[in-house]
Amino acid sequence: MSSLKKGVEKFLRKVSTYEINEKNIRKAVREFELILIANDVSLKVAKQISKKLTNKMLGKRAKRFSDLSKMIPVFAKEIILDLITPKEPLNLVEIINQHQKSSTQISSKDPLILLFLGINGTGKTTTIAKIAYLLKKEGFHVVLAASDTFRSGAQEQLEVHANRLGVKLIKGKYGSDSAAVAYDAIAHAKAKYADVVMIDTSGRMAVNRDLMEEMKKIHRVTNPNYTILVVDALAGNDATEQAKDFHKEIPLDGIILAKMDADARGGALLSVTYATDGVPVLFIGNGQKYTDLELFQAEKYVNELIKSKN
Ligand SMILES: Nc1nc2c(ncn2[C@@H]2O[C@H](COP(=O)(O)OP(=O)(O)O)[C@@H](O)[C@H]2O)c(=O)[nH]1
Ligand SMILES: [Mg+2]
């Protein structure tokens, strides 16, 4: 369980002993805000949540509650759900399903191109392997592009996955043009009527000019249907900054939050959507196995985060 969830649970137990009055409401909201901040929710987002929560708790609808521990979950859920519900939801599996259906009608249908971005070590390659596993199971013909020609071992890492999963991989030489590798993979996929091409890219230790220029070039050359950023949930506020920085340079269609299992505090998810003005979180990575990929559902996430008492 994330420490955010634990914090919320403990907090709700505590406030059940508070009498309902304005002083206690303000005190409870302040405590709630601190729990959010301590668990990687950015200051801006935490402040916004607490402001809205105060207004609701001092408002008319609050009168029907007898207990703060019943009132807070109802209002907090509404506010957080509103915050993390994407502007336009995106279900990748459904999209590819539709794409395949239309593919059978038009034999020359182009493959769906998915471009994965992110700084070094966030979990791009692992996530691509997980999605390839998922899509292969659904019956899709998947091609992978090893466009990380930068980090040593990156080609082999993806190759191990491709062999294990039984999907085609187009490789490049280290130091060669990453966009050219992606281009070759797309050409191959078109020739073989593949359904999906997933392009793995290299990262850097941080977001920097070199990385952005290389990614912009890949983006331009491949013209992907969906550009997906992989961020590391353990990176906390940095994950939020990365999402913001990438989105500014290359418009993102989706975000995947990897390593939610690995002791992540859990709050980055709230800030990432806010920082990108509603880019949807598609999946959550919660382990190193192929099956450790969960379709993100905002409502389910909020209900698990804030358990209401009846
Ligand atoms: N616990 C955990 N580890 C992950 C997850 N996703 C990736 N990793 C690990 O994070 C490390 C870096 O992943 P990798 O895919 O190589 O990152 P890349 O540099 O972005 O391609 C590897 O050791 C992965 O096994 C996840 O969801 N949970
Ligand atoms: Mg990689």
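The values are calculated or read from the model by the stated rules, or taken from the named source; none is laboratory data. Since the structure is predicted, the reported quantities are computational estimates derived from the model, not experimental observations. Heads up, the Cβs are rebuilt from the backbone with ideal geometry, glycines too, and the neighbour counts pull from every protein chain shown.
The C-beta contact set for the range 157-176 (first residue over 15 Å from ALA189 (Cα atoms) and hydroxyl-bearing (Ser, Thr, Tyr), second residue part of a loop (DSSP other than H, G, I, E, B) and within 16 Å of ligand 2 (Cβ to nearest atom), distance under 6 angstrom, 6+ apart or interchain) comprises TYR174/THR149; SER176/THR149. Among (1) modelled with pLDDT of 95 or more; (2) away from ligand 1 (no atom under 16 Å from the Cβ); (3) more than 18 Å from the chain's Cα centre (by Cα), there is one condition ASP67 misses while meeting the rest; what is its number? Every listed condition holds for ASP67 apart from (1). Against the conditions (1) away from ligand 2 (no atom under 11 Å from the Cβ); (2) over 20 Å from ASN223 (Cβ atoms), ASN120 satisfies every one except (1).
Here LYS307, LYS289, LYS300 are screened, and the one residue that is out of contact with any strand residue (DSSP E or B) (no Cβ under 6 Å at 6 or more places or on another chain) and at pLDDT below 90 is LYS307.
Of the residues making up the range 176-206, those that are part of a helix (DSSP H, G or I) and surrounded by 21 or more Cβ atoms within 10 Å (Cβ to Cβ) number 7.
Check TYR133 against each of (1) within 12 Å of ligand 1 (Cβ to nearest atom); (2) assigned to a helix (DSSP H, G or I); (3) among the aromatic types (Phe, Trp, Tyr) and name the one condition it does not meet. With respect to (1) within 12 Å of ligand 1 (Cβ to nearest atom); (2) assigned to a helix (DSSP H, G or I); (3) among the aromatic types (Phe, Trp, Tyr), TYR133 is out only on (1). Only residues that are under 14 Å from THR240 (Cβ atoms) and either more than 13 Å from ligand 1 (Cβ to nearest atom) or of a type in the set (Lys, Arg) (or both) were counted across the range 250-267, and they come to 5. For the range 142-157, taking the residues that are in a strand (DSSP E or B) and small (Gly, Ala, Ser), the one that is surrounded by the fewest Cβ atoms within 10 Å (Cβ to Cβ) is identified as ALA146.
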